[in-house]
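See structure below.
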Amino acid sequence: MKMKHISISATVSGILFLFLSTTFVQGQELQLEEIVVTAQKRSEALQDVPIQVSAYTSETIAAAGITSTQDFINLTPNMSLDDSDTYHNTFVVMRGVAQTQNTDSPVAIVVDGVPQNDQKQLKMHLFDIERIEVLKGPQGALYGRNAIGGAVNIITRAPTTEPEGYIKGSYGNGEALDLTAGISGALLDDKLLVRLAGIYKEDNGRIHNDFLDTEVDFIDHDYAIRGRVQLLPTDWLTLDFRGMYNDFRAGSQWDTPVFSRDPNDFDEPEVNLRGFTYGEVKEFTFKFDAELDFATLTGITGYTEFDEINRGDLDFRNPVDSPGGFFGAGFGLGQGQDRFVELISQELRLVSPDAQPLRWLLGAYYINTKRDLQTRGFVDVGGGFGQIDVPGALLINRQESNDNDAFALFGELSFDLTDKVTLSAAIRYDEDNREQTDPTTGNVREDTFDSVQPKVTLTYQPADRKLVYATYSTGFRSGGFNAPGVPIDMFRDETLDNFEVGFKSSWANNRIIVNGAFYYTLVDDFQFIFFDVATAAQVLTNIEEVDIYGFDLETKALLAPGLQFYAGVGTTDSEIKELTVFPGNNGNKAPKTTDWSLNAALQYNRTLSANVDGMFRIDFEHRGDRNWQVDGVAVQEPIDLVNLRLGLEYGQFGVYFWAKNLTDERYYTDYNSIEFTGLDVDIGYLAPPLSYGVETSYRF
């Protein structure tokens with residue numbers, strides 16, 4: 001295993017050296033595309049933004065075959081997204097700051113300006129997307145609560161004045177079918193623009209359960225439709241309406257028992273209850289932009305309903321291979337959760353013009369989140385999931401109703417001290433008012449969490465497309481309540497201070513871009529989760545103090561006409577300084593952290609004849625040792641992942657072959673040992689194996 005990793009890494013290093021030592025083609029016309037982002041709530045060239053940002057344009061999204069959040073996160077150093085439990089459940093980690101179950105995300109996820117405030121909203125299909133921006137490091141001053149690790153901006157394609165459209169279909173192993181389509185144009189000259197796009201997916205799966213003789217990672221159906229309407233009644237006012245509906249039913253909870261307790265041992269799932277998740281998502285947003293004489297006034301209203309029902313195995317075994325059952329009690333366990341979430345948000349923002357030495361931004365934000373949960377565990381005696389509704393079979397029946405009101409005020413000033421030096425200062429006040437009701441007893445708990453989040457950045461730009469910066473920034477993730485009856489009733493809010501120095505540079509007439517930063521982060525009350533077997537409860541709690549430091553380094557080069565190269569390296573070194581819940585673990589690494597990651601891509605586009613273009617892209621990802629929990633015992637060895645995409649385009653038609661995890665690497669996307677689950681065996685959540693297929697597309 002180690003030799004394989006060394007061989008692949010050495011091969012990639014050789015390729016990097018070969019291409020970086022290539023003599024660049026001379027000529028002013030050979031340049032990388034300039035990317036414009038809205039990372040700081042205003043349109044700016046990516047290379048002028050003093051933040052480490054990984055940006056993916058619509059061209060990159062198409063070339064890399066990005067169809068989900070998992071895809072672009074796998075291309076981003078110092079960031080990971082781990083599947084676990086239900087179909088939409090994920091754990092995101094950025095620069096060592098990690099997601100936990102049923103808590104706020106450490107990364108602010110924003111789609112068309114609307115924050116996605118629930119954990120289950122991060123895993124989404126990306127179709128009809130214009131741009132993705134990944135901001136690394138705490139962004140609390142502008143993005144507020146839950147941006148302690150960073151932020152992700154996802155911008156969908158806007159309606160167009162000229163008619164256009166596309167249809168795309170993909171078929172792969174496991175009888176995986178993926179269809180997307182979109183159409184756009186003007187209904188009333190340049191005043192009323194409309195765009196409609198949709199996706200449909202089904203998949204028999206590729207992770208096999210030998211006991212049930214079926215695949216557990218199936219998608220029965222997953223479809224979504226999104227409509228967007230823009231009204232331009234005057235030259236200074238834009239009204240933008242967007243609605244989306246998503247319906248899904250798919251496999252879930254296929255954890256594998258790991259009897260050796262080694263996260264580098266792999267076997268197939270063996271549950272006797274085949275897990276599934278079903279539900280629907282409804283979204284509506286309204287945005288207006290008013291170009292006033294002195295500033296741009298923007299308002300963004302968002303509404304979301306997210307309903308999810310899941311059922312699954314809880315002992316993760318079957319009565320044939322494990323006749324003793326759970327802890328030798330002679331029976332197995334099943335589980336289920338009914339989850340209903342409603343979010344309403346409103347943001348108002350006033351942004352000054354760009355072309356002036358003093359630039360400013362003022363804003364206010366409000367969001368209400370309602371979340372109702374019923375979590376049940378039942379004795380499984382072979383009767384299927386109907387047992388969850390039998391009162392005598394229930395071992396766990398927890399209900400909670402949560403109502404959270406949060407509001408914020410924020411502002412930013414940027415002043416050009418000289419033509420080369422800029423000082424920026426931002427501040428935000430966030431307040432969360434949380435209320436939890438126990439429907440069984442009627443008991444109500446309330447608490448308020450608040451924080452002032454400042455940010456100061458000094459930027460020096462000695463030449464065009466070159467800058468260095470130093471930043472002090474802060475982050476805040478609200479605390480909250482555990483479910484009623486849990487021995488630790490609350491978890492504290494998480495805060496951090498981040499110190500960062502970085503640079504951005506462009507060379508060889510913008511044919512080479514090199515950006516990087518070093519960061520040092522001090523985290524107070526780092527949030528994490530464990531399971532209390534005595535009360536059969538998930539417990540959210542805190543690590544009192546964690547230190548994290550590392551660096552990001554990314555480079556992009558246009559080596560020759562049509563030939564692009566990308567590489568990125570990220571490191572995360574963490575240390576638990578104080579932990580009282582599990583004493584004796586000071587000095588260990590924070591949970592779910594990866595010590596370093598490497599991403600590299602090589603893409604070549606070439607005209608083959610007068611009407612035919614060809615493309616080739618290979619992506620390589622290396623993930624270092626993965627530390628799963630605070631005790632530092634369960635550590636997953638490094639893994640190497642390779643994705644491949646090649647295609648031919650004839651006019652408006654295209655046909656492509658694609659493969660993900662080309663070497664069929666086996667690994668877990670989540671791993672939980674018995675000390676932190678209350679089970680009598682470790683469990684791991686298998687990652688998708690090799691997948692491949694053919695895609696065709698037509699643009700009109």
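Normalised by the number of residues in segment 312-383, the mean separation of alpha-carbon contacts (under 8 Å, six or more apart) gives a relative contact order of 35 percent. In this structure Arg623 has an accessible area near 40 Å², from a 1.4 Å probe over the protein heavy atoms. Among 685-695, 159-169, 66-76, the peptide with the highest mean count of other Cβ atoms within 10 Å heads the list, and the full ranking is 66-76, 685-695, 159-169.
Local charge for Leu237 was computed over the other residues whose Cβ lies under 14 Å away, with Lys and Arg +1 and Asp and Glu -1, and equals -4. Surface exposure of the chain, expressed per residue as accessible area with a 1.4 Å probe, stands at 40 Å². Toward the positive end of the charge dipole of the chain, with +1 on the Cβ of Lys and Arg and -1 on the Cβ of Asp and Glu, the farthest Cα among Thr38, Tyr671, Gly144 is that of Thr38. Peptide packing for 251-257, 626-632, 589-595, 147-153 was compared via the average number of neighbouring C-beta atoms within 10 Å per residue; ordered from the highest value, the list is 147-153, 251-257, 589-595, 626-632. When shorter helices are ignored and each DSSP H run of at least 4 residues is given -39500 (n - 2.57), the per-residue value for the chain at 222 nm works out to -1500 deg cm²/dmol. Extension gain for the segment Val501 to Thr448, taken as residue separation times 0.36 nm less the Cα-Cα distance, is 15.7 nm to one decimal.
Rounded if a/c is under 1.5, else prolate if a/b is larger than b/c, else oblate: which is segment 148-217, with a ≥ b ≥ c the root eigenvalues of its Cα gyration tensor? In terms of gyration-tensor shape, oblate. Against the chain, whose longest principal axis is taken from its Cα atoms, helix 2-20 shows a tilt of about 10°. Under a Cβ-Cβ cut-off of 10 Å, what is the net charge of the residues other than Asn74 that fall near it, where Lys and Arg count +1 and Asp and Glu count -1? Cβ neighbours under 10 Å give a net charge of -1. Dipole size of the chain about its Cα centre, with +1 on Lys/Arg Cβ and -1 on Asp/Glu Cβ: approximately 1680 debye, rounded to the nearest 20.
The alpha-carbon atoms of segment 368-488 define a convex hull whose volume equals 183 cubic angstrom per residue. Which shape class, rounded, prolate or oblate, goes with segment 28-70 when its Cα gyration tensor gives a ≥ b ≥ c as root eigenvalues, a/c under 1.5 marks rounded, and past that a/b bigger than b/c marks prolate? Because a/c hits 1.5 or more and a/b fails to exceed b/c, segment 28-70 counts as oblate.
Each residue of segment 673-683 was assigned a 3J(HN,Hα) from its phi angle through the Karplus expression (A = 6.51, B = -1.76, C = 1.60, θ = phi - 60°), giving 8, 4, 4, 10, 10, x, 7, 9, 7, 5, 9 Hz with x at Gly and Pro.
Whole-Hz Karplus values for segment 467-482 come out as 7, 10, 8, 10, 9, 10, 9, 10, x, 8, 10, 4, x, x, 10, 6 Hz, taken residue by residue from phi with 6.51 cos²θ - 1.76 cosθ + 1.60 and θ = phi - 60°; glycine and proline positions read x. When you work out D = kT/(6 pi eta Rh) for segment 589-653 at 20 °C and 1.002 mPa s, using the Kirkwood radius from C-alpha pairs as Rh and the Stokes-Einstein form, the result is 147 µm²/s. Taking the protein heavy atoms of the chain in the context of the full set of protein chains, the accessible area attributed to carbon and sulfur is 59 percent at 1.4 Å. For the peptides 370-377, 127-134, 318-325, residues were scored by their other Cβ atoms within 10 Å and the scores averaged per peptide; the highest-first order is 127-134, 370-377, 318-325.
In the chain, taking the dipole from charged Cβ atoms about the Cα centre, the farthest positive-side position among Leu540, Gln116, Phe503 is held by Phe503.
Counting Lys and Arg as +1 and Asp and Glu as -1 over every other residue whose Cβ lies under 12 Å from the Cβ of Gly312, the net charge comes to -2. Rounded is the label for the chain. Its Cα gyration tensor axes, ordered a ≥ b ≥ c, give a/c under 1.5. For segment 166-213, a crude dipole built from +1 on the beta carbon of Lys and Arg and -1 on the beta carbon of Asp and Glu, taken about the Cα centre, is about 300 debye to the nearest 20. Roughly how many Å is it from the Cα centre of segment 275-290 to that of segment 122-159, as a whole number? One Cα centre to the other: 15 Å. For the chain, the relative contact order comes to 12 percent (Cα pairs under 8 Å, sequence separation of at least 6). Listed by chain and number, the lysines whose C-alpha is less than 27 Å from the C-alpha of Lys420, apart from same-chain residues fewer than 8 away, are Lys41, Lys136, Lys455, Lys466, Lys504, Lys556.
Here each label is just a point 7 Å from Cα along the line to Cβ, and for Ile488 and Thr160 those points are 5.3 nm apart.
For segment 517-639, a Kirkwood hydrodynamic radius built from all Cα pairs, placed in the Stokes-Einstein relation at 20 °C and 1.002 mPa s, yields a translational diffusion coefficient of 122 µm²/s. When the P(r) is computed for segment 314-372, the part past 18 Å accounts for 67% of the Cα-Cα pairs. Separation of segment 61-113 from segment 209-258 is 15 Å, based on Cα centroids. For segment 43-131, the convex hull drawn through the C-alpha positions has a volume of 112 cubic angstrom per residue.
Once the Kirkwood radius over Cα pairs is known for segment 400-459, the Stokes-Einstein relation at 10 °C and 1.306 mPa s delivers a diffusion coefficient of 111 µm²/s.
In sequence order, segment 231-237 has phi-based couplings of 10, 10, x, 9, 6, 10, 10 Hz under the Karplus curve 6.51 cos²θ - 1.76 cosθ + 1.60, θ = phi - 60°, and Gly or Pro positions carry x.
The values are calculated or read from the model by the stated rules, or taken from the named source; none is laboratory data. No experiment lies behind these values; they were computed from the predicted model shown. Here the Cβ is made from the backbone with ideal geometry for all residues, glycine too, and neighbour counts use every protein chain on show. Side chains included, ligands, DNA and RNA excluded: accessible areas come from the protein's heavy atoms. Shrake-Rupley method; radii C 1.70, N 1.55, O 1.52, S 1.80 Å.
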